[in-house]
Amino acid sequence: MKNTLKAAVLGLTALGVTSTTVYAEEEGADFLGGNFSYWGYIGNERMFRGNSETQNSEIPALQGMITWTHEDTGIYLGYWTATVKFDLVPDVYAESGPYIGKAGTIGDTGINYNVLLWHYMYHVDNDSNSEPTYDNGYKPKGDNYDYTELYIQANKQFGRWNLAGEVVPTLNDWFGTDGVKGLSYQLTPTYDLGDGYSVSATFGRQSFTSDRVNPWNYWDVGIAKSFSKGWKVDLRFHDTNYDTSKDTTRIWQEHYVLGVSKSF
């Protein structure tokens with residue numbers, strides 16, 4: 001078996017989990033110098049930078065993704081899909097998107113990097129008679145909520161500690177809100193407890209280029225257990241500093257999330 005390549009996709013909004021690693025191992029069929037890997041997730045909630053993407057557990061959080069990774073260059077691409085529910089935008093019924101990136105290590109520094117383009121596509125029920133209600137200052141134009149983000153991530157191991165950080169600018173109109181772009185950044189320290197257990201926390205901020213949309217800080221803390229054959233269980237508490245008087249749906253409030261994932 002050749003060297004295992006890990007593309008660390010940390011805190012992706014689309015995945016809605018604190019840390020997910022896409023594994024590409026030189027096993028089985030070799031396709032154009034790379035290999036396919038797969039990931040699936042089920043949980044009571046899917047979080048996006050501190051807010052619920054499944055309307056406070058009204059529907060199960062289901063996700064799946066397929067990734068092809070080039071063994072020699074660290075370039076990868078794939079596709080992801082997930083359940084979604086917004087009371088604010090009731091005609092959106094699913095979310096998916098393609099992504100492409102490159103992961104690797106900077107020389108002998110031990111600093112791992114990951115640069116990723118992710119395009120979010122919100123699938124809309126065009127026959128729905130429901131009307132969106134707007135919160136947090138945004139008002140999408142029409143029924144096109146799609147947008148693209150650039151993830152710039154790095155992490156480094158310090159003994160049992162791993163420190164990861166990311167900066168994520170929005171490259172076009174955030175959630176279809178005309179003239180508004182986002183910028184998020186976060187830090188995630190993780191401590192390896194041994195025997196497959198780890199504890200971690202994330203501290204981040206979602207900001208915008210316009211004061212028409214209210215920014216917020218978010219954080220989470222939790223414990224994870226990794227098992228053989230790619231199984232992982234994660235229990236996590238999420239919260240934000242979002243103004244409760246403006247949060248009519250409580251999606252920015254405290255959430256406890258239990259999720260099970262599998263990589264293969």
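What are the pairs, 6+ residues apart or on separate chains, where a residue within the stretch 225-241 that is under 18 Å from A201 (Cβ atoms) has its Cβ under 6 Å from a residue that is at pLDDT 95 or above and of a type in the set (V, I, T)? Hits for this filter: K225/V233; V233/V260; L235/I223; R236/V257; F237/V221.
Yes or no, residue by residue, for (1) in contact with a Phe, Trp or Tyr (Cβ under 7 Å, 6 or more places away or on another chain); (2) surrounded by fewer than 20 Cβ atoms within 10 Å (Cβ to Cβ):
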{"site": "W219", "(1), (2)": "yes, yes"}
{"site": "S228", "(1), (2)": "no, yes"}
{"site": "L235", "(1), (2)": "no, yes"}
{"site": "Y242", "(1), (2)": "yes, no"}
{"site": "H255", "(1), (2)": "no, no"}
{"site": "L258", "(1), (2)": "no, yes"}
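Looking only at the stretch 155-192, filter to residues that are loosely packed, with under 13 Cβ neighbours inside 10 Å and of a type in the set (A, V, I, L, M, F, W, C); which one of those is nearest to Y218 (Cα to Cα)? The extreme case among them is W161. In the set (1) in a loop (DSSP other than H, G, I, E, B); (2) surrounded by fewer than 17 Cβ atoms within 10 Å (Cβ to Cβ); (3) not polar (S, T, N, Q), the condition left unmet by V89 is number (2).
To keep it simple, each residue is scored yes or no on (1) more than 22 Å from F175 (Cα to Cα); (2) modelled with pLDDT under 95.
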site	(1), (2)
S198	yes, no
N214	no, yes
G222	yes, no
S245	yes, yes
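When restricted to residues that are part of a strand (DSSP E or B) and either aliphatic (A, V, I, L, M) or at pLDDT below 95 (or both), the stretch 132-181 contains 9.
Identify, from the list D220, D243, D247, the residue that is under 19 Å from the mean Cα position of the chain (by Cα) and not in a helix (DSSP H, G or I). D220 is the lone residue from the list that is under 19 Å from the mean Cα position of the chain (by Cα) and not in a helix (DSSP H, G or I).
Matching residues to (1) touching a Cys at 6+ places or on another chain (Cβ under 7 Å); (2) over 27 Å from Y145 (Cβ atoms); (3) β-branched (V, I, T):
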residue: E71; (1), (2), (3): no, yes, no
residue: F86; (1), (2), (3): no, no, no
residue: V92; (1), (2), (3): no, no, yes
residue: S96; (1), (2), (3): no, no, no
residue: G110; (1), (2), (3): no, yes, no
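The values are calculated or read from the model by the stated rules, or taken from the named source; none is laboratory data. Quick caveat, the model's predicted, so the values are computed rather than measured. Cβ coordinates were reconstructed from backbone atoms using ideal geometry, including for glycine residues, and neighbour counts include every protein chain displayed.
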